[in-house]
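K.L.:
Sharing a structure, written as structure tokens. Questions coming.
The values are calculated or read from the model by the stated rules, or taken from the named source; none is laboratory data. As the structure is a computational prediction, the values presented were derived from the model and not from experiment. Using ideal geometry, Cβ is built from the backbone for each residue, glycine included, and neighbour counts are taken over all protein chains shown.
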Amino acid sequence: MSLDTVKHAAETPDAAQPWAELGLKQDEYERIREILDRRPTGAELAMYSVMWSEHCSYKSSKVHLKQFSEKAPKSEAMLVGIGENAGVVDVGQGYAVTFKVESHNHPSYIEPYQGAATGVGGIVRDILAMGARPVAVVDPLRFGAADHPDTKRVLPGVVAGIGGYGNCLGLPNIGGEVVFDPCYQGNPLVNAGCIGVMKHEDIHLAKASGPGNKVILYGARTGGDGIGGVSVLASETFDDSKPAKRPAVQVGDPFQEKLLIECTLEVFREDLVAGIQDLGGAGLSCATSELASAGSGGMRIELDTVPLRDASLSPEEILMSESQERMCAIVEPGKVDRFLEICEKWDVIATVIGEVTEGERLEIFWHGEQIVDVPPRSVAHEGPTYHRPYARPDWQDTLQADDAGRLPRPQTPEELREQVLRLVGSPNQASKAWITDQYDRFVQGNTVLAQPEDAGMVRIDEESNLGVAIATDGNGRYAKLDPYTGAQLALAEAYRNVAATGAKPLAVSDCLNFGSPEDPAVMWQFAEATRGLADACRQLGTPVTGGNVSLYNQTGETAIHPTPVVAVLGVIDDVTRRTPIAFAAEGQLLYLLGDTREEFGGSAWSQVVHDHLGGLPPAVDLDRERLLGEILISASRDGMIDAAHDLSDGGLIQAVVESCLRGGTGARLIVPDGLDAFTLLFSESAGRAVVAVPRSEEVRFNDMCGARGLPATRIGVVDGDAVEVQGEFSIPLTELRSVYEDAIPALLA
Amino acid sequence: MTARVGVVTFPGTLDDRDTQRAVRVAGMEAVPLWHRDKDLKQVDAVVLPGGFSYGDYLRAGAISRFSPVMESIIEQAKAGMPVLGICNGFQVLTETHLLPGAMLRNNHLHFICRDQKLRVENADTAWTSSYESGQEISIPLKNIDGRYVAEERVLDELEAEGRVVVRYIGGGLGGYPLEERRNPNGSLRDIAGITNAAGNVVGLMPHPEHAVEPLVGTGRTDGLGFFTSILKKLVTA
């Protein structure tokens, strides 16, 4: 096949092009022709097809995502907002923190190990590209039923991939979640988050300015892996004589990434970089068009200078390859030599592949012949926008009418005891240590808190003890019952988790996992969830700084539960004041903060005991969440509490069991007036936490809660070696421990 | 004059900055050493930190042993300079034959990260004199290739000469047969660390550098003794 040059394209307007196979719609193809005033070349078509894919262009979601900016609360902490590789937040003392959560769902189902591994690699490069040293990762994961045979294929591969990649990078894995539900059977959700730290003056942006500046591609060689990973490419379309179907999943090399991190941080330190972008989805197509589009617009690339793993790759394939561990930097001519020297020091291949030009065209050449001549904004930032139809599904009313409050409740203390044990030993509530012990949580020597704590926390300054905390949460069952409330509950829980450690919540990143946007019911869930999240962020004063949308998580007609996963980042001035979940000191008093109502819709109890999903999720009161957060932070700072655990799925009993096992002590609980034991133990009312108060602090703590109007109810004491609910039952810690810790290994080891 | 401890960075080393911090916490000066550089900058001792040097794609530590810095370290170690290899550093030391045996993949085939109980068996080495023989300590363990193996003859010799420095006390994964739960990775005779005959070279699978501050890591400082031991040795030498 001869080279499809710009000149050739102009001369052959009627040549047939494989736009449909590349995932473009007819009107999209027509629009490309309109923009270029001719048919696109093969290379141009390749670029548009990947950049206008759902994954890169957010074409179905962006009309809804706008709300995150429009409704964003005023926040002095926000340094860089939505649109860059990741948002940046001021955490004080001259430090800035960047963080983001992304999805790698589809690749992880096809090839669990590499899919999950490259998910970690991608998010880490996003953080790095902002100028920050990555300091921690988190992994919110969702799988099908724990006892389904395919889960035993997917989960161990995903976990080993995250560990295999993340552990090799030297990034502590400090949090995340593992959730099982049959709705994720054919569509596991593998989300990955990363936090990076830098000084304010070190923030770098993805833009190419200054004509004459060089474009340097550095990192791994470009291979044929991951071509069209973001779109739906059958790669033989380009040339039938090639080996068929290159794998759409990329293959990761964490060692290369580790070198890339150290090398990039060193070029930042020497101030050699004018603009930078990582190569992730859509590879070079994305990096060049986004850098040019965000800068002055002009860029010339000599594509044949790109170092290749496979010399037979065509220019189209090079533009679309998603080979991992690559970065693209814009460097002033006088700094190029030093840049290349540092790359050599780290054994990182670096090549000048082009330069920033006057004008506003992205021009790409292949052995001297021009194969791309486009306005970069039309590729990167002016893709199609869809206003997809959405409608509340007709089954929503029936689902909500199926009230979980009507389910049979335990009638005797023995039955209550038995249900507590079933809950604690159920896959979603049981210890995830078998999984999280496969991740290094100690490396870098700054981990203050890690799973199973409410939030992960790392120290970022050894002198001042400044630290940051992060928690991720999302409950697809709640969101299925009511997507608006479900998204708000996800935010509320992550916010509460951060506050429970003593850190002040500052900002939000989200990963929105949904089914097909072409289904109006799914689109309604998406619209409702984004509206709910945007409203809640405004009310809590925590802006969304960036994130990711993953659609088409469905098999046939069946979509996953709508699953907005929300990450909240918080700051703590002195990490020595952090609050752990462990009940460690006998005699301390247990207080339940917040109101407990009969709320069982979507609860863990309704799932474990009755395999039921129906009714309404717990009500949200964001003013209450905020107040609770303030109390938890003050109490932590002033030494009024020694332990705190947020209440969420599984309710009070789950939290108490976890805190007891973590601290190795028992607890005696008394059912307060106005509540029955069942509701006290299993309700999932939001806006609650349990805290351990030293007796010497009780008066002060009570006074504070009273003065601020937060209900605080004394419900027991840390004591003994069993969890006892007075007048109901007692379960020895040893029994709880084996039920809690053995469940996951029994299913998956 | 304080003691100067070199900390080597290979490509893929991860715990170099943590180790430098541990050296400083123990009151010594940490001197970064680069793998391509033969110059040991006149340090008094060297630590080879953990990580995945060169990606460990061939075999853990197999390529690092050929780096220029190792040439100097091997030479100095044979002349008596104290050398501590932690995790990947231990693997490098076995590859160089400064220490006998080898490390295989953990018996359960998983990476494992946890707080691990150990018993100090030999408190007479350059790196363990701050402990008592028989003392039980708890420090983080994190690896996938941590199963220590050697010929029976070598194991007998190590035991007879008191060259087993630390042993695992339990910690096998649930879900595995009891015999395999005697230690966290299937290491022969529960060996977690050994020394050479002279006692100056020590290899250790667990990570003492992650247990030197009460605030971070496991919240204990049981690992600090490895670094204060060497300080004691160097200042009294």
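K.L.:
Give the residue, chosen from B:Gly223, B:Gly217, B:Gly186, that is over 17 Å from B:Val120 (Cβ atoms) and within 11 Å of another protein chain (Cβ to nearest Cβ).
P.N.:
On inspection, the qualifying residue turns out to be B:Gly217.
Yes/no per residue for (1) among the charged types (D, E, K, R); (2) closer than 23 Å to A:Ala604 by Cβ; (3) within 14 Å of chain B (Cβ to nearest Cβ); (4) touching a Pro at 6+ places or on another chain (Cβ under 7 Å):
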{"position": "A:His148", "(1), (2), (3), (4)": "no, yes, no, no"}
{"position": "A:Lys152", "(1), (2), (3), (4)": "yes, yes, yes, no"}
{"position": "A:Leu171", "(1), (2), (3), (4)": "no, no, yes, yes"}
{"position": "A:Val178", "(1), (2), (3), (4)": "no, yes, no, no"}
{"position": "A:His200", "(1), (2), (3), (4)": "no, no, no, no"}
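K.L.:
From the list A:Ala9, A:Ala16, which residue is over 30 Å from A:Ala529 (Cβ atoms), out of contact with any Gly (no Cβ under 8 Å at 6 or more places or on another chain) and either in contact (Cβ under 8 Å) with a residue 40 or more places away in the chain or assigned to a loop (DSSP other than H, G, I, E, B) (or both)?
P.N.:
Details: A:Ala9 fails: either in contact (Cβ under 8 Å) with a residue 40 or more places away in the chain or assigned to a loop (DSSP other than H, G, I, E, B) (or both).
So the residue among A:Ala9, A:Ala16 that is over 30 Å from A:Ala529 (Cβ atoms), out of contact with any Gly (no Cβ under 8 Å at 6 or more places or on another chain) and either in contact (Cβ under 8 Å) with a residue 40 or more places away in the chain or assigned to a loop (DSSP other than H, G, I, E, B) (or both) is A:Ala16.
K.L.:
Taking region A:161-178, which residues are buried (at least 24 other Cβ atoms within 10 Å of the Cβ) and among the β-branched types (Val, Ile, Thr)?
P.N.:
Listed by number, the residues that qualify are A:Ile162, A:Ile174.
K.L.:
What is the number of the single condition among (1) touching a Ser or Thr at 6+ places or on another chain (Cβ under 7 Å); (2) more than 24 Å from A:Leu551 (Cβ to Cβ); (3) surrounded by fewer than 22 Cβ atoms within 10 Å (Cβ to Cβ); (4) at pLDDT below 95 that A:Val88 does not meet?
P.N.:
If we test A:Val88 against (1) touching a Ser or Thr at 6+ places or on another chain (Cβ under 7 Å); (2) more than 24 Å from A:Leu551 (Cβ to Cβ); (3) surrounded by fewer than 22 Cβ atoms within 10 Å (Cβ to Cβ); (4) at pLDDT below 95, just (3) comes out false.
K.L.:
Report whether or not A:Arg695 is in contact (Cβ under 8 Å) with a residue 60 or more places away in the chain and within 14 Å of chain B (Cβ to nearest Cβ).
P.N.:
Working: in contact (Cβ under 8 Å) with a residue 60 or more places away in the chain: yes; within 14 Å of chain B (Cβ to nearest Cβ): no.
Criteria not met by A:Arg695.
Per-residue answers, yes or no, for (1) in contact with a helix residue (DSSP H, G or I) (Cβ under 7 Å, 6 or more places away or on another chain); (2) assigned to a helix (DSSP H, G or I); (3) of a type in the set (Asp, Glu):
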site: A:Asp310; (1), (2), (3): no, no, yes
site: A:Glu316; (1), (2), (3): yes, yes, yes
site: A:Glu341; (1), (2), (3): no, yes, yes
site: A:Glu344; (1), (2), (3): no, yes, yes
site: A:Asp347; (1), (2), (3): yes, no, yes
site: A:Ile364; (1), (2), (3): yes, no, no
site: A:Ser378; (1), (2), (3): yes, yes, no
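K.L.:
Something else: Which condition number in (1) crowded, with 24+ Cβ neighbours inside 10 Å; (2) modelled with pLDDT of 90 or more; (3) under 26 Å from A:Gly275 (Cβ atoms) is the one that A:Gly226 fails?
P.N.:
(2)
K.L.:
Specify which of the listed residues (A:Val91, A:Val50, A:Val63) is part of a helix (DSSP H, G or I) and more than 22 Å from A:Val565 (Cα to Cα). Before you say what the answer is, go through the steps one by one.
P.N.:
Details: A:Val91 fails: part of a helix (DSSP H, G or I); A:Val63 fails: more than 22 Å from A:Val565 (Cα to Cα).
Selected residue: A:Val50, the only one of A:Val91, A:Val50, A:Val63 that is part of a helix (DSSP H, G or I) and more than 22 Å from A:Val565 (Cα to Cα).
K.L.:
Search region B:63-118 for residues being surrounded by fewer than 19 Cβ atoms within 10 Å (Cβ to Cβ), farther than 27 Å from B:Val235 by Cβ and among the hydrophobic types (A, V, I, L, M, F, W, C), and hand back the single one that is farthest from the other protein chains (Cβ to nearest Cβ).
P.N.:
Among those that are surrounded by fewer than 19 Cβ atoms within 10 Å (Cβ to Cβ), farther than 27 Å from B:Val235 by Cβ and among the hydrophobic types (A, V, I, L, M, F, W, C), it is B:Ala102.
K.L.:
Which one of these is at pLDDT 95 or above and within 14 Å of another protein chain (Cβ to nearest Cβ): A:Val448, A:Val424?
P.N.:
Working: A:Val424 fails: within 14 Å of another protein chain (Cβ to nearest Cβ).
Matching residue, one of A:Val448, A:Val424: A:Val448.
K.L.:
Among the numbered conditions (1) within 13 Å of chain B (Cβ to nearest Cβ); (2) farther than 30 Å from B:Asn88 by Cβ, tell me where A:Asp454 comes up short.
P.N.:
In the conditions (1) within 13 Å of chain B (Cβ to nearest Cβ); (2) farther than 30 Å from B:Asn88 by Cβ, A:Asp454 misses (1) alone.
K.L.:
Restricting the search to region A:297-306, which residues are surrounded by 16 or more Cβ atoms within 10 Å (Cβ to Cβ) and either assigned to a loop (DSSP other than H, G, I, E, B) or of a type in the set (Asp, Glu) (or both)?
P.N.:
Applying the first criterion (surrounded by 16 or more Cβ atoms within 10 Å (Cβ to Cβ)) to region A:297-306 yields A:297-303, A:306.
Those that are surrounded by 16 or more Cβ atoms within 10 Å (Cβ to Cβ) and either assigned to a loop (DSSP other than H, G, I, E, B) or of a type in the set (Asp, Glu) (or both): A:Gly297, A:Gly298, A:Glu302, A:Val306.
K.L.:
Separate question: Quick one: is A:Gly687 modelled with pLDDT under 95 and not in a helix (DSSP H, G or I)?
P.N.:
Values: modelled with pLDDT under 95: no; not in a helix (DSSP H, G or I): yes.
Against the criterion (modelled with pLDDT under 95 and not in a helix (DSSP H, G or I)), A:Gly687 does not qualify.
K.L.:
Okay, moving on. Looking at region A:535-552 only, could you name the residues that are touching a Lys or Arg at 6+ places or on another chain (Cβ under 6 Å) and surrounded by 24 or more Cβ atoms within 10 Å (Cβ to Cβ)?
P.N.:
Correct list: A:Gly546 only.
Okay, residues lined up against (1) modelled with pLDDT of 95 or more; (2) under 27 Å from B:Ile112 (Cβ atoms); (3) in contact with a Phe, Trp or Tyr (Cβ under 6 Å, 6 or more places away or on another chain); (4) not in a helix (DSSP H, G or I):
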| site | (1), (2), (3), (4) |
| --- | --- |
| A:Gly122 | no, yes, no, no |
| A:Pro134 | yes, yes, no, yes |
| A:Arg142 | yes, yes, yes, yes |
| A:Val158 | yes, yes, no, no |
| A:Ile162 | yes, yes, no, no |
| A:Cys168 | no, yes, yes, no |
| A:Cys194 | yes, yes, no, yes |
| A:Glu201 | no, no, no, no |
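K.L.:
For A:Ala689, only one of the following conditions fails: (1) away from every other protein chain (no Cβ under 14 Å); (2) surrounded by fewer than 18 Cβ atoms within 10 Å (Cβ to Cβ). What is its number?
P.N.:
Unmet for A:Ala689, out of (1) away from every other protein chain (no Cβ under 14 Å); (2) surrounded by fewer than 18 Cβ atoms within 10 Å (Cβ to Cβ): (2).
K.L.:
Here is a follow-up. Could you tell me how many of the residues in region A:470-509 are over 17 Å from the mean Cα position of the chain (by Cα) and either of a type in the set (Val, Ile, Thr) or within 13 Å of A:Gly629 (Cα to Cα) (or both)?
P.N.:
The qualifying residues number 8.
K.L.:
From the list A:Ala567, A:Ala604, exactly one residue is of a type in the set (A, V, I, L, M, F, W, C), in contact (Cβ under 8 Å) with a residue 12 or more places away in the chain and closer than 24 Å to A:Thr447 by Cα. Which is it? I'd like the intermediate steps shown before the answer.
P.N.:
On the way: A:Ala604 fails: closer than 24 Å to A:Thr447 by Cα.
Among A:Ala567, A:Ala604, only A:Ala567 is of a type in the set (A, V, I, L, M, F, W, C), in contact (Cβ under 8 Å) with a residue 12 or more places away in the chain and closer than 24 Å to A:Thr447 by Cα.
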